[in-house]
Amino acid sequence: MARIALVTGGMGGIGTAICQKLADAGHVVVTTYSRPGRETQWLADQKEKGYNFHAYQCDVADYDACQAMAAKIVAEVGPVDILVNNAGITKDGTFRKMGKVDWDVVMRTDLDSVFNVTKPFIDGMTDRGFGRIVNVSSINGQKGQFGQTNYSAAKAGMHGFTKALAQEVAKKGVTVNTVSPGYIATEMVMAVKEEVRNAIIAGIPVNRLGNPEEVADLIAYLSGDNAGFITGSNIAINGGQHMF
Ligand code: NDP
């Protein structure tokens, strides 16, 4: 069934693929961006590929801005049945060198955002008896990562949120899941020096990076009507790099 889907950070490497796969599944797709100016080019590029997306500016770390953005989307596009909390940042540094600013900005952008953006949509989903929420975490939230106490904590926190909310809304037809990607071939990862990238790949049993489309396919599946029996899960998509 065609529904309205909101993807935060939908103009990024993985986000763009998520928007496209959800549109391919027949949904109307809305995305957010935080840096003004980039949306015109991105929307034009997507239009050239046959995609007509809606875009709203919003800092997902700002609670009030998220409530305003949600009200605007519901008024202008319609009720949101699918929410993908995908926006995220890293500010790496060993814990001994990490300042409060880099801790706070990652917690606010990667974890508080899940509260800020889910909050205004959850009642609509439970009232309508259908909802799909997918939180994009990371392999590093599952196994920890040197230099990422902030990011690992925020990404692990996302799954705690998933499990608690999944229990609260299960009877109302709303599922809440976490997807934890490993190394994905986005611009950021491809910009890493070739020898460093090769060392990363050597640690991945399938011997390659993942593709944004593979992550997006999984999210599109979890967002579909057929995925109603999957909730509270944390699905790893990491080429076997971390198994648990
Ligand atoms: P990108 O940096 O390409 O995209 C991140 C997106 O988040 C951007 O569109 C950005 O929008 C948005 N964003 C950042 N800060 C804010 C903010 N304060 N408010 C609103 N939007 C914001 O990253 P990826 O596509 O690689 O990552 C997407 C998700 O996947 C992230 O949560 C990341 O942690 C996770 N992930 C990525 C992996 C990878 O290998 N790439 C591996 C595991 C997890 P704008 O530019 O407009 O600010």
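Looking at the range 72-87, which of the residues that are surrounded by fewer than 24 Cβ atoms within 10 Å (Cβ to Cβ) and of a type in the set (G, A, S) is farthest from V176 (Cα to Cα)?
Out of the qualifying residues, it is A75.
Name the residues in the range 12-21 that are near the ligand (Cβ under 9 Å from one of its atoms) and open to solvent by 10 Å² or more (accessible area, probe 1.4 Å), would you?
G12, G13, I14, T16
Report, ordered by the first and then the second residue, all pairs with beta carbons closer than 7 Å, sequence separation of six or more or different chains, a first member in the range 72-83 that is at positive phi, and a second member that is modelled with pLDDT of 95 or more.
Final answer for the pair search is G78/I4.
Would you confirm, using the coordinates I've provided, whether G88 is within 16 Å of the ligand (Cβ to nearest atom), small (G, A, S) and free of Cβ contacts under 8 Å to residues at least 40 places away in the same chain?
Considered against the rule, which asks whether it is within 16 Å of the ligand (Cβ to nearest atom), small (G, A, S) and free of Cβ contacts under 8 Å to residues at least 40 places away in the same chain, G88 comes out as no.
K155: within 14 Å of the ligand (Cβ to nearest atom) and either surrounded by 15 or more Cβ atoms within 10 Å (Cβ to Cβ) or closer than 16 Å to I230 by Cα (or both), yes or no?
Spelling it out, K155 is indeed within 14 Å of the ligand (Cβ to nearest atom) and either surrounded by 15 or more Cβ atoms within 10 Å (Cβ to Cβ) or closer than 16 Å to I230 by Cα (or both).
Within the group S180, S113, which residue is of a type in the set (S, T, N, Q), open to solvent by less than 40 Å² (accessible area, probe 1.4 Å) and over 19 Å from T31 (Cβ atoms)?
Checking each option against the conditions leaves just S180.
Residues to consider are M107, M98; find the one that is more than 17 Å from the chain's Cα centre (by Cα) and either more than 27 Å from A5 (Cβ to Cβ) or of a type in the set (A, V, I, L, M, F, W, C) (or both).
Only one candidate qualifies: M98.
If you scan the range 30-44, which residues turn out to be open to solvent by less than 60 Å² (accessible area, probe 1.4 Å) and within 14 Å of the ligand (Cβ to nearest atom)?
Passing the criteria: V30, T31, T32, Y33, G37, E39, W42, L43.
Restricting the search to the range 116-126, which residues are surrounded by fewer than 17 Cβ atoms within 10 Å (Cβ to Cβ) and of a type in the set (V, I, T)?
Across the range 116-126, the qualifying residue is only T126.
Looking at this structure, is V80 more than 13 Å from the ligand (Cβ to nearest atom) and either within 18 Å of the chain's Cα centre (by Cα) or among the hydroxyl-bearing types (S, T, Y) (or both)?
Considered against the rule, which asks whether it is more than 13 Å from the ligand (Cβ to nearest atom) and either within 18 Å of the chain's Cα centre (by Cα) or among the hydroxyl-bearing types (S, T, Y) (or both), V80 comes out as yes.
The values are calculated or read from the model by the stated rules, or taken from the named source; none is laboratory data. Values in this document were obtained by computation on a predicted structure and should not be read as measured data. With ideal geometry, Cβ positions are generated from the backbone for all residues, glycine too; neighbour counts draw on all protein chains shown. Just so you know, the surface numbers come from the protein's heavy atoms only, side chains and all, with ligands and any DNA or RNA stripped out. Shrake-Rupley method; radii C 1.70, N 1.55, O 1.52, S 1.80 Å.
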